[in-house]
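Below is one structure, written out as structure tokens; the observations come after it.
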Amino acid sequence: MDKRDNFFKEDVSIVLCGEAGQGIKTIELILVHVLKKSGYNVFGTKEYMSRIRGGSNSTIIRVSDKNVKSMKDKIDILIPLDSKAIEHVADRLSDNTIILGDKELLTDTKYEIIDIPLLKIAKEIGSKIYLNIVACGVVLALFNSNLDLLNEFVTEKFESKGKAIVDNNIEAAKSGFELGKALYDDSKVRIDIKRDPKIKDDYFLNGNDAVGYGALMGGCNFISSYPMSPGTGVLTFLSEHSKEMEIVVEQAEDEISAINMGIGAWYAGARALVTTSGGGFALMGEGISLSGIIETPIVVHIAQRPGPGTGLPTRTEQGDLEVALYSGHGEFPRIILAPSSIENTVKTTAEAFNLADKYQVPVIILTDQYFLDSFYNTKKLDLDIKVDDKIIKTDKDYKRYKLNASGISPRGIPGFGDGLVHVDSDEHDEYGRLTEDLDIRVKMTDKRLHKLDSIKKDIIEPVFTGNKDYETLVIGWGSTFNVINDALKEINNKKIGYLHFTQVYPISDKIKPYLDKAKNIIIIENNATAQFAKLLKIVTGVEIEHKILKYNGMHFYLEELVEKINEVAGDK
Amino acid sequence: MKNKFDISNQDIAWCPGCGNFSILEIIKKAMNELELEQENTVMVSGIGQAAKMPQYVNTNFFNGLHGRALPVATAVKVSNPKMTVIAESGEGDMYGEGGNHFIHAIRRNVNITNIVHNNMIYGLTKGQASPTTSKGMKTTLQIFGVTNEPFNPMAVAISLGASFVARAFSGDQEQTKEIIKKAILHKGYAVVDIFQPCVSFNKLNNFAWFKEHSYYLDDKYDPYDQVEAFRKSLEMEKFPLGVLYMNKERVTTFEENLIAYETNKAPLFERKRDLEKVKLSLAGMK
Ligand SMILES: Cc1ncc(C[n+]2csc(CCOP(=O)(O)OP(=O)(O)O)c2C)c(N)n1
């Protein structure tokens, strides 16, 4: 025991790992919520395999005296729930990692383990299915916490399954708690991190909730989508809110149908969202192009996962920026947004609907598995949002594609006003009727492309943090914001500046001076080919030399960014 | 008789003698006789010669992508159930490129009318086989003859218990108009497959051939009997025309079953999201 740092006063990373079907997800949900309600700063995320049973899945829970928003590589406390669990996370163990486990479950392991009879207790209560709740009890006791909140959550969660199940789970929690308490009292493991009762009242959402609430705040009242991880969560979210918020929800027969329905809904006056992942989005390409020519808005959420093909279905990557950028044949403007934090996601997503409506273009929201599955507490969400409805009442001689200086023709819908609304995927005249007049073709192309000028005046500018007199400029986009931010706080180097993009297309040329000023530029992307760096080069002409890229299906760990940024930025 | 759905000065893109001309007249007449309002009618089509139909009708239209009329029509109806929605295209569009949507439109049972111009060939792309081209027929592409079995849309629709299934012939103005009127008035998904000669690319299934190879179901025929209707749909020597099947059990439509319309019947665009309510729900995430 001597080498171990077994008292945690500032920060602890706890990993619970087991097979699919062992209830790791339940552990995570219960623990992060109970800990947050108890007044701790909590960050939680998960990584899992694409299967229903077996394999190895884990949840990562980080508790800190600061409002941390990223995950660490090194595990402080590991609770393995099956024999494969330790190997699954082996390269994240250090000499200091404490493993709490049941030796009966973890036969032939070379690791030193503090033996606790998790399995025996679960079986005594009735079945090994209670293992997960026993483990929850253990963890809470290590915080010298009590059982009240856990009992509340367990009761709520299992109420529908009957009193006997609730009672067994409460018993499981209590027995686990006693095991943990013994460890705490014997000074084997203690977590004495400062609590702040105010944290209780923080918002506590994951990316999925944030995108879902953003859609609601953006007035979304129609969603048609085809299930595909990790995009399905938003579909389920809106289904769960469909009654109180009056949303039409339909599981389409395929993604082609999904996007065509979405566009049809906007045409008829709805505010529609389509959610998918890269593979599904690839099928929507022609639909994106349709939205481009008929100037009917559409909002598509791409929850990125590693491709190509089926790739790693349950993992994370920022690999679909280019497909978002170039999908759809022909030339037409679009907008791409990549929410960066829970704090700005609700507003960014809501804004997607307003932008689509205002500019009558496809708007794509790029998130990823890591972002959608990660929780942390936060005091403030940007909720300064209104639904900016641009639909007009039509007059008798309504022209859907009336040519004007901005290229944005007022958008009417059928059944509202005296006019008729014609939209046509063929090249069309001002009335929306098919034409092969080549002069009109040029006018209509110019009209559509011209909208980009207005869009560019309405850009969500990147956020700069750090010292204005930087030598090294770090650049990130989308879901990497928090881990980069946490890493830079830890590095605390006055010679580093940080520019983070939430709108990734179009980007304004105003950013060029930021790049020109830097001695070193580091781009950080969760992909293999630095797709955003390529886009920056097109816009600014600047070739970015230093790239920190990760594409093994996992998001960045705090320590690896600290190390890699330091390598380039050098001493303070 | 003056028809408000007429528009003048149109440069119509169909070949002289094409069956589409009669279908255009029939549809405009049917819509006029039913006193549909132009502002409250939406024609949705895909791509192909048949799919150009809405261009020549004075009403709202959405001329979308090849094969994708049904998803759009579904969404238009669901977003605003006050609209009369007609989805119209060729059989290549509806049964080939859009085949999956056809199957699922039947399952959903949205209250729309689906008109399919079935000329047994790809017209716009110049004479390749369509899903309903007869076996053995030589085309510009299938130069040794078609070997695939033709698709039977009526049998598929009836077997899936579609709400309303009918077949018509563009050469018979009166009968076809009455069938289309029934289809539009029918509550639920209604498909009308209209035989249509293609004068340019289908020399086999011409006007005379369709006349010879079809007959009208008589008054004694019971369109509510699914098994009998299915048997009828398998008749290939002489195709039965008229309403083949209506499903008595399909009493509610897709849109009626949606939770969004449970209490509020207003079209989606008339509703305003209560953002305070959303914020309250968000506060529950604390
Ligand atoms: C995605 C896509 N694939 C192919 C085409 C080319 N295309 C246009 S119409 C058509 C088929 C036309 O046949 P049908 O739908 O039966 O209509 P018709 O022209 O005979 O009335 C095809 C293949 C297209 N426009 N879009």
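Coordinate-derived values only; no laboratory data. Owing to the predicted nature of the structure, the values given are computational and were not obtained by experimental measurement. Neighbour counts run over all protein chains shown; Cβ positions are idealised from the backbone, glycine included.
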Shielding by partners, peptide B:277-284 (average Cβ within 10 angstrom, other chains) | 5
Kindly state, to the nearest 0.05, the FRET efficiency for A:LEU403 paired with A:LYS457, given R0 = 30 Å and r defined as their beta-carbon distance.
-> 0.90
Karplus-derived 3J(HN,Hα) from phi for region A:403-411 (6.51 cos²θ - 1.76 cosθ + 1.60, θ = phi - 60°), whole Hz, x at Gly and Pro, runs 6, 8, 5, 8, x, 9, 8, x, 9
Between region A:177-207 and region A:306-335, how many Å separate their Cα centres?
-> 40
At the level of C-alpha centres, the distance separating region A:389-439 and region B:218-266, in angstrom, is 36
At a Förster distance of 35 Å, what's the computed FRET efficiency of B:ASN32 paired with B:LYS277, Cβ-Cβ distance as r, to 0.05?
-> 0.20
Would you mind giving the mean number of other chain beta-carbons within 10 Å of the Cβ of each residue in A:234-247, as a whole number?
-> 3
Provide the packing ranking of B:275-284, B:165-174, i.e. peptides ordered by the mean count of other C-beta atoms within 10 Å per residue, highest first.
-> B:165-174, B:275-284
What is region A:463-569's relative contact order, in percent, from Cα pairs under 8 angstrom and six or more apart in sequence?
-> 32
How high is the relative contact order of chain A, in percent, counting Cα pairs under 8 Å that sit 6 or more residues apart?
-> 12
Cα centroid separation - region B:130-187 against region B:1-70, whole Å = 19
Taking Cα pairs closer than 8 Å and at least 6 residues apart, the relative contact order of chain B in percent is 17
Longest principal axis of chain A (C-alpha) makes with the long axis of helix A:24-37 (C-alpha) an angle, in degrees to the nearest 10, of 90
Helix A:285-294 axis, angle to chain A major axis (alpha carbon atoms, nearest 10°) = 40
Estimated translational D of chain B in µm²/s (Stokes, Kirkwood radius over Cα pairs; 20 °C; 1.002 mPa s) | 109
So how much slack lies between A:SER187 and A:VAL542, counting 0.36 nm per residue of separation and subtracting their Cα-Cα distance, in nm?
-> 122.2 nm
quick note, chain A, DSSP beta bridge pairs, % antiparallel (nearest 5) is 40
Roughly how tilted is helix A:148-158, in degrees to the nearest 10 and between 0 and 90, from the longest Cα axis of chain A?
-> 60
Note, ³J(HN,Hα) from phi for region A:60-65, Karplus 6.51, -1.76, 1.60, rounded to Hz, x at Gly and Pro | 10, 10, 10, 10, 8, 7
Using the count of nearby Cβ atoms within 10 Å as a rough guide to exposure, how do A:PHE8, A:PHE464 rank from fewest to most?
-> A:PHE464, A:PHE8
Which whole-Hz couplings ³J(HN,Hα) result when phi for each residue of region A:123-138 is put into the Karplus expression 6.51 cos²θ - 1.76 cosθ + 1.60, θ = phi - 60°, listed in order with x for Gly and Pro?
-> 5, 4, 6, x, 5, 6, 5, 7, 3, 5, 6, 4, 4, 4, x, 4
Taking A:HIS88, B:HIS186, A:HIS555, A:HIS329 and counting other beta carbon atoms within 10 angstrom, the fewest-first order is A:HIS329, B:HIS186, A:HIS88, A:HIS555
Checked against a 32 Å limit on the C-alpha separation, the offending pairs among A:LYS243/B:LYS286; A:LYS396/B:LYS265; A:LYS66/A:LYS495; A:LYS443/B:LYS181; A:LYS447/B:LYS177 are A:LYS443/B:LYS181; A:LYS447/B:LYS177
Cα-based shape type of region A:463-569, given that a ≥ b ≥ c are square roots of the gyration tensor eigenvalues and the cut on a/c is 1.5 | oblate
Please sort by residue number the trypsin sites (Lys or Arg not before Pro) in region A:378-407 whose DSSP state is loop and whose Cβ has at most 16 other Cβ atoms within 10 Å.
-> A:LYS379, A:LYS380, A:LYS386, A:LYS390, A:LYS396, A:LYS402
Where does each of A:GLU253, A:GLU10 land when they are ranked from fewest to most other beta-carbon atoms within 10 angstrom?
-> A:GLU10, A:GLU253
